[in-house]
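Scroll down for the structure; my scribbles are underneath it.
Every read-out reported here was derived from the displayed coordinates using simple, explicitly stated rules and does not represent laboratory data. Quantities reported herein were computed from a predicted structural model and do not represent experimental measurements. In this analysis, Cβ positions are derived from the backbone assuming ideal geometry, glycine residues included, and neighbour counts consider all displayed protein chains.
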Amino acid sequence: MKTLVTTMSALFIGMAQQTAEATVEAVMYLDTEMPCLYYEMLSGTLVVRNNGDDDIKLMDRDTFAYFQLYWFPNMTEQETERYGEAERFSRSSIKKGFDSDVKNNRNLITLGKGESVELKFKNREIDGSDFLRHAHNRRITFAVELYLSPDTWIPVEVHPPIVLAYDVKAIPVTVKNAQWKSGDKWVSRVQTGDTNEFLFVSEGYDRYRLADLHPDDVVTHSNKVITITQKNGKVRTIPEADIPRISAERAEEKRKARQLETKN
């Protein structure tokens with residue numbers, strides 16, 4: 001009898017899962033450029049629409065990207081068995097935490113039939129796995145699921161697809177010296193292909209992509225100024241103070257270009 005009850009419970013849960021997948025749309029639009037480095041943060045917008053008759057609950061706070069979304073690498077079964085959860089936040093921990101929030105009605109928004117919402121997030125660290133950080137020159141795609149209480153996981157459609165590049169080569173531009181301080185900016189040129197490079201700056205937990213580079217470009221960093229000299233003699237200078245603005249402008253240009261490609 002116990003086996004029958006367990007089987008029926010699993011059947012009902014499976015039916016509820018299929019119903020939710022058919023009635024809840026979840027689409028993510030990433031601002032972060034792909035492929036990304038494992039130490040870059042993800043930012044973007046999640047759009048959720050409820051096409052079903054039943055209300056659904058969502059987190060109404062910045063941490064939903066950690067505590068209601070499950071990010072996982074598309075690894076083989078053997079890799080999953082060997083290394084276990086590749087993220088610090090497992091399905092079980094997300095389920096436990098969010099079920100508690102729903103039970104106590106903490107920081108939640110309710111979507112009724114036909115309603116939708118946009119949830120923005122930024123600086124979401126995706127990789128908490130030592131295995132992935134030593135992924136042996138691979139590019140690993142990630143998928144995302146949205147958890148809805150109770151016991152329902154909704155596949156999230158992600159644009160562009162998440163790809164973590166462990167096969168890139170970072171060539172330092174900044175040279176450490178006796179006066180180097182931990183908060184100083186670290187400049188490097190990152191190779192994502194035979195001829196594709198970009199200028200990358202790290203400052204503490206902040207990461208900036210500043211420009212696309214050609215292998216023939218010469219890049220220097222001194223006196224708080226980054227200088228890019230092209231083969232044709234054209235020179236571009238970037239003062240350190242302008243790095244956040246220039247990075248934001250470049251990201252916006254890339255975002256608009258992706259939107260245009262999607263429309264076409």
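Key figures
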quantity: Segment 232-256 versus segment 134-175: alpha-carbon centroid distance in Å; calculated: 25 Å
quantity: Two-site label geometry, Tyr39 and Lys234: point separation in nm, points 7 Å out along Cα→Cβ; calculated: 3.1 nm
quantity: Per-residue HN-Hα couplings for segment 239-254 [Karplus 6.51, -1.76, 1.60; θ = phi - 60°; Hz; x = Gly/Pro]; calculated: x, 4, 5, 8, 4, x, 5, 5, 5, 5, 5, 5, 4, 5, 4, 5
quantity: Contour excess over end-to-end distance, with Cα ends at Asp151 and Val225 and 0.36 nm allotted per residue; calculated: 21.4 nm
quantity: Order of Val190, Val168, Val175 - criterion: other Cβ atoms within 10 Å of each residue's Cβ, fewest first; calculated: Val175, Val190, Val168
quantity: Label-to-label distance, nm, for residues given as Asn123 and Arg91 (7 Å Cα→Cβ offset); calculated: 3.1 nm
quantity: For Glu115, residues with placed amide H under 5 Å, excluding near neighbours; calculated: Asn50
quantity: Segment 169-263 - Debye-derived log10 I(q)/I(0), Cα point model, q = 0.20, 0.25 Å⁻¹; calculated: -1.06, -1.44
quantity: Per-residue Cβ neighbour rank within 10 angstrom, fewest leading, His214, His221, His159; calculated: His214, His159, His221
quantity: Stokes-Einstein D for segment 23-165, Kirkwood Rh over Cα pairs, 37 °C, 0.692 mPa s (µm²/s); calculated: 208 µm²/s
quantity: Segment 23-165 - charge dipole about Cα centre, Lys and Arg +1 at Cβ, Asp and Glu -1, debye rounded to 20; calculated: 280 debye
quantity: Per-peptide average of other Cβ atoms within 10 Å, ordering 92-104, 145-157 highest first; calculated: 145-157, 92-104
